[in-house]
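As structure tokens, the structure follows; a few thoughts come after it.
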């Protein structure tokens, strides 16, 4: 009896480390970050995991706020994990006004990264969602371009 | 009796395990936190909590250093905070602020490729992170190896910035936002010190604009710090000092000029050039005052050990 409880206790202690998949996530993010090419400096990443949209619901979105500074050229790139059902899209908003989106809605063309030459310092909102409200996980990375 | 103790132990461990895990959705394979996910239709005005999130998302220890490097400003070791006597830091307040200050210094060293000199700073950061119980997010050995070899600056920059981002996230998710706020304040004040000291010696429009724009960020930083000001005399003193810097910014004005953005595809990438513009109005005496107060605060923080 005592032994069984001890075994359960040990399993419970190590369970979180077994199931989180943290090293795999770090490796995935690192690979995405380092694929940006030369002349970029990594600033931040946003790790996104979203469920599939319900039948009558709006698509889930991950939003993050970030100060962007004048005279800086930023690159926003996205990568999806292989398990994702959809493609990750980024949209940048300035005070609720859409500035740029990695999906060209008129042509349907999707870009894996967008560059933004910022001339107005301020708080911007980054929205990440999956195309057609599909479920998925991925990472959005922000760089400065030198 | 022994059986009861074992059961009790198992229950305690179960509670511990459940409370330590984030309330994320279950996942397999590569997993990320699902925090801050909400239906697009429900995103509304920013609440106080959202503003707090903004501030927590703003600090990058390398941004100011990158600007200085682009301006071809020479590296100056004298700007770095001394690492001697860091063992004497006793309170979590001091450790958190200094963790931020050394984080900005590490960014400065890495951006300038002075990686050989950064081992001592890395070692100090590791000790402080361990002292705050966040050492596991700081892979000292790998960072040290990358620094010594000077082989992969991109990886080094990513790993060091990412370590700070993870520490910040861990602290906020574990009800230690007050510690995270101190670290962010430390990063900010060291970046501010670096920028203002350089601006006094190498006047440059882009750099002085960047310093003037800190008025916005400082306002948010104060919103982040104020809720904790009564928590200790040290916190109260820090808030007072930061408000002193804020006061020096009183007559700095930021205005905006409207313009329509241009978007084009270049090399398979979508590029947007923003033509709406922010304009900073700050004269030399205002800059000098801001630089003086910022230096005073930063030196006070690094000497309070």
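Coordinate-derived values only; no laboratory data. Bear in mind that the values here come from a model prediction, so they are computed numbers and not experimental data. Cβ placement follows ideal geometry from the backbone for every residue including glycine, while neighbour counts extend to all protein chains displayed.
Hey, what's the Cα Rg ratio for the range B:176-269 versus the globular rule of thumb, 2.2 N^0.38 Å?
Working: Rg = 17.2 Å, N = 94, 2.2 N^0.38 = 12.4 Å.
In units of the globular-protein estimate, the range B:176-269 measures up at 1.39.
Using the basic label-point model (7 angstrom from Cα toward the beta carbon), what is the residue A:35 to residue B:243 distance in nanometres?
The two pseudo-label positions are separated by 5.0 nm.
Cut-off 20 Å, label point 7 angstrom out along Cα-to-Cβ of residue B:263: give me the residues of the range A:120-134 whose amide nitrogen falls inside.
A:120-133
The range B:69-205: D in µm²/s via Stokes-Einstein (Kirkwood Rh, Cα pairs, 37 °C, 0.692 mPa s)?
The estimated diffusion coefficient comes to 216 µm²/s.
Compute the length gained on full extension between residue B:173 and residue B:85: take 0.36 nm times their separation in residues and subtract their Cα-Cα distance, giving the result in nm to one decimal.
Numbers: separation 88, 0.36 × 88 = 31.68 nm, distance 3.08 nm.
Separation in residues times 0.36 nm, less the Cα-Cα distance, equals 28.6 nm.
Treat each spin label as a single point 7 Å out from the Cα along the C-beta direction, and report the residue B:233 to residue B:148 distance in nm.
The two pseudo-label positions are separated by 4.3 nm.
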